[in-house]
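Everything below concerns the one structure shown next.
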Amino acid sequence: MDTKNPIDVRIIVEGASDVESISKAMRNIALGAEYHITISSIIPTTSSQIAKRAVRGADIVLIATDVDVPGRELAEKFQKVLKDEVGHIERMKLPFGHDVEFIDPYLIQNEIKNAIIRSGLISISNIKLLREFEDKLKVSKEENKNLAQINKELEAVNQDISFKYDEISKENDKLNKEMDNLDKKYNALKNEFNSLRREYKDIQNKDLFEVFFINELWKEAFNEDLDDYDQIYFISNEFKPENIVVGQNRIAASTKKDAVDWLKIIRTVLIFYDSKIEDLKEDFNKGKI
């Protein structure tokens, strides 16, 4: 508190007659000398809004009302309305049914002093509470400082996590593409396997006895290397010889002789037609051969 400035006390009364009573009682009170207090205004009103405007900024507000029920209710109303406008609010009781001409000013003087003393004592008791609040505020500020530091660190961690998340997301997209490619390869291999299984079943269904590698049998029969399997597959598929199955670099037949004989037929066709396999196919489809 700044001791150079007196404590500003304002008194709210119910009416003009109460103003006269308070003013008369204050003539012989040296509040400034005794308590470093000045009563800056006496406000006669029962309006909450007028009272709020009149007391705003005061250190202490004394609410002087009668001791009867209406006076108590009015004081309670003012205390609720004004509690956030001033430093402290204290009620002082006026004698019930008092008359300005006959009221003893000494009684009002004592009531004013007692109300001011009560305000001071309550304020003193609040100093400890205020210091406790200040200590808690200091602790809270320190905690906020620590939390701010933690938050800063968490933001850095979050930024790092976001960066890593982006990297993982990109890697995940890459893996998804690779997985799609693997699915396509798997489906292709699956189709190829099914094709081989069907060919194997065809071989099983035919009453065949032996399976030979085409290149080995070709080398053995003609003493030359086989350059192109596709032509052998094509001719075999076109003519579809009985008890002969060709595929996957192999030839299956009842006997080795039957397999060699079919290769001889194919070799003869290739010698005569050479690169004209398509013409052969066309002639075969037209029934010329």
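Select the strands (runs of 3 or more DSSP E) contained entirely in the stretch 2-74, then report the ones holding at least 1 residues which are farther than 18 Å from Ser119 by Cα and of a type in the set (Asp, Glu).
60-66
Only one of these conditions is not met by Lys93: (1) within 23 Å of Ser123 (Cα to Cα); (2) not in a strand (DSSP E or B). Which number is it?
(2)
How many of the residues in the stretch 19-59 are within 60 Å of the chain's Cα centre (by Cα), polar (S, T, N, Q) and more than 15 Å from Asp8 (Cβ to Cβ)? Full working, then the answer.
Step one: filter the stretch 19-59 for residues within 60 Å of the chain's Cα centre (by Cα), giving 35-59.
Right, trim to polar (S, T, N, Q) and you get 38, 40-41, 45-49.
Keeping just the survivors that are more than 15 Å from Asp8 (Cβ to Cβ) gives 45-49.
Adding up the residues that qualify gives 5.
Scan the stretch 9-24 for residues that are in contact with a Ser or Thr (Cβ under 9 Å, 6 or more places away or on another chain) and in contact (Cβ under 8 Å) with a residue 40 or more places away in the chain and jot them down. Don't jump to the end; show me each part of the working.
So in the stretch 9-24, the residues in contact with a Ser or Thr (Cβ under 9 Å, 6 or more places away or on another chain) come out as 9-15, 18.
Passing the criteria: Val9, Arg10, Ile11, Ile12, Val13, Glu14, Asp18.
So which residues in the stretch 232-242 are open to solvent by 70 Å² or more (accessible area, probe 1.4 Å) and not in a helix (DSSP H, G or I), if there are any at all? Break it down stepwise before answering.
Of all residues in the stretch 232-242, those open to solvent by 70 Å² or more (accessible area, probe 1.4 Å) come to 237, 239-240, 242.
Result: Lys240, Glu242.
Hey, any hits in the stretch 187-196 for a residue that's under 30 Å from Gly87 (Cα atoms), open to solvent by less than 90 Å² (accessible area, probe 1.4 Å) and more than 36 Å from the chain's Cα centre (by Cα)?
No, that holds for no residue.
One residue is enough: does the stretch 80-87 have a residue meeting the conditions at pLDDT 80 or above, touching a Pro at 6+ places or on another chain (Cβ under 6 Å) and open to solvent by less than 70 Å² (accessible area, probe 1.4 Å)?
The first filter runs over the stretch 80-87 and keeps only residues at pLDDT 80 or above, leaving 80-87.
This time we only want the ones that are touching a Pro at 6+ places or on another chain (Cβ under 6 Å), so: none.
Within the stretch 80-87, not a single residue is at pLDDT 80 or above, touching a Pro at 6+ places or on another chain (Cβ under 6 Å) and open to solvent by less than 70 Å² (accessible area, probe 1.4 Å).
Could you say which residue among Val211, Val245 is at pLDDT 85 or above, among the hydrophobic types (A, V, I, L, M, F, W, C) and surrounded by fewer than 15 Cβ atoms within 10 Å (Cβ to Cβ)? Break it down into steps so the answer makes sense when it comes.
Working: Val245 fails: surrounded by fewer than 15 Cβ atoms within 10 Å (Cβ to Cβ).
Of Val211, Val245, the one residue that is at pLDDT 85 or above, among the hydrophobic types (A, V, I, L, M, F, W, C) and surrounded by fewer than 15 Cβ atoms within 10 Å (Cβ to Cβ) is Val211.
What are the pairs with Cβ atoms under 7 angstrom where one residue, in the stretch 220-237, is within 11 Å of Asn249 (Cα to Cα) and the other, located anywhere, is outside any loop (DSSP other than H, G, I, E, B) and hydrophobic (A, V, I, L, M, F, W, C)? Sequence gap at least six, or different chains.
Leu226/Ile214; Leu226/Trp218; Tyr229/Ile214; Ile232/Ile214; Ile232/Val246; Ile232/Ile266; Tyr233/Val246
The values are calculated or read from the model by the stated rules, or taken from the named source; none is laboratory data. Only a predicted model underlies this, so the values are computations on that prediction, with no experimental measurement involved. Positions of Cβ are backbone-derived with ideal geometry, glycine not excepted, and every protein chain shown enters the neighbour counts. All accessible areas refer to the heavy atoms of the entire protein, side chains included, with ligands and DNA or RNA removed. Shrake-Rupley method; radii C 1.70, N 1.55, O 1.52, S 1.80 Å.
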